[in-house]
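The values are calculated or read from the model by the stated rules, or taken from the named source; none is laboratory data. Just so it is clear, the model here is predicted, and its values are computed rather than measured. Here Cβ is always computed from backbone atoms with ideal geometry, including for glycine, and neighbour counts include all displayed protein chains. These accessible areas exclude ligands, DNA and RNA; they are computed on the full protein's heavy atoms, side chains included. Shrake-Rupley method; radii C 1.70, N 1.55, O 1.52, S 1.80 Å.
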Amino acid sequence: MAVRVRDVMMGRLGDLRWEPTAKRVRAELGGRTVLDSRDARLVWEPRRVVPSYAVPAADISAELVPLSAAAVADDTVGLPLPEVTRRPVLDPSIPFEVHSTEGEALRVRAGDASLAAFRPADPELTGWVVLDFAGADAWYEEDEPVVSHPRDPFHRIDVLASSRHVRLELDGHLLAESTRPRLLFETLLPVRFYLPVEDVRCELRPSGTRTWCAYKGEASYRSVVLGDAVVPDLVWSYPDPLLDAEPVRGLLAFFDERVDVVVDGSRRERPVTPWSRPQS
């Protein structure tokens, strides 16, 4: 019987998973390089949807301090992603210190600076230490900086020019309308509609919010003004995207989790994702 590829991939979401990488991986902390590895692995703890780097302990040139056995999070912890899996997922908003497999909590210390680490109690990862991406000052694959989290080799984005008629509305207000969108398809995420600025019909207000994507780069946000109401951070763009997202440079996308999207006359259901509610 044929199986859906997504079901195969997500069928192992509850397992501790790892994949070797041929890339040289380095991290900086406290003004110096604290790890330099040519034998790194990507590790996904159970229910984690993005990987962390794991390196042999010998590749860490800083003090590695044992703390205690890590508490294991149960299924009450996490965020819903019903189009992907029935179990709540641990997305990047869930702190690294929330673990979903047995192991030992550690700290990597370099002078006054430190970052969290974890030694899984699994024979396949004996000798490897998993590191908190957010805790380091900078990460590099070869000589290229990495932002947000390690890149997943099984995750990709595709940007395609389209002539679909896209109309965006909120509470009866027209937000944007275009027949020249660029559609961004990203693994396990809903399609995103990136529109020219000229096709946006609502008032936008700049926001100081910034986020980072490992595949697209740094996003800047704008709020939507509807009469006396302001809907914060409903729109984002990539003014200086990474290579794979270059076709959406300067275009605007709306959270279709929070607006009504009509494509070629058909209203789409709002997807449920970690962005269904405004991020705090």
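Assorted remarks:
- Reported count of residues in the range 173-214, each being open to solvent by less than 80 Å² (accessible area, probe 1.4 Å), under 17 Å from Val225 (Cα atoms) and out of contact with any Asp or Glu (no Cβ under 8 Å at 6 or more places or on another chain), is 6.
- Apart from one condition, Pro247 fits all of (1) within 25 Å of Pro88 (Cβ to Cβ); (2) open to solvent by 30 Å² or more (accessible area, probe 1.4 Å); (3) touching a residue at least 40 places away in the same chain (Cβ under 8 Å); the exception is (1).
Conditions tested, residue by residue: (1) closer than 30 Å to Gly111 by Cβ; (2) out of contact with any Ser or Thr (no Cβ under 9 Å at 6 or more places or on another chain).
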{"position": "Pro145", "(1), (2)": "yes, yes"}
{"position": "Ala176", "(1), (2)": "no, yes"}
{"position": "Arg182", "(1), (2)": "no, no"}
{"position": "Phe185", "(1), (2)": "no, yes"}
{"position": "Phe193", "(1), (2)": "no, no"}
{"position": "Glu203", "(1), (2)": "no, yes"}
{"position": "Ser207", "(1), (2)": "no, no"}
{"position": "Ala219", "(1), (2)": "no, no"}
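- Set Gly103, Gly135, Gly78, Gly111: member being small (Gly, Ala, Ser) and surrounded by fewer than 13 Cβ atoms within 10 Å (Cβ to Cβ): Gly111
- Applying the criterion of at least 3 residues that are farther than 14 Å from Phe154 by Cβ to the strands (runs of 3 or more DSSP E) found wholly in the range 1-52 leaves 25-29, 32-37.
- Of the candidates Asp264, Asp228, the single residue that is acidic (Asp, Glu), in contact with a His (Cβ under 6 Å, 6 or more places away or on another chain) and open to solvent by 70 Å² or more (accessible area, probe 1.4 Å) is Asp264.
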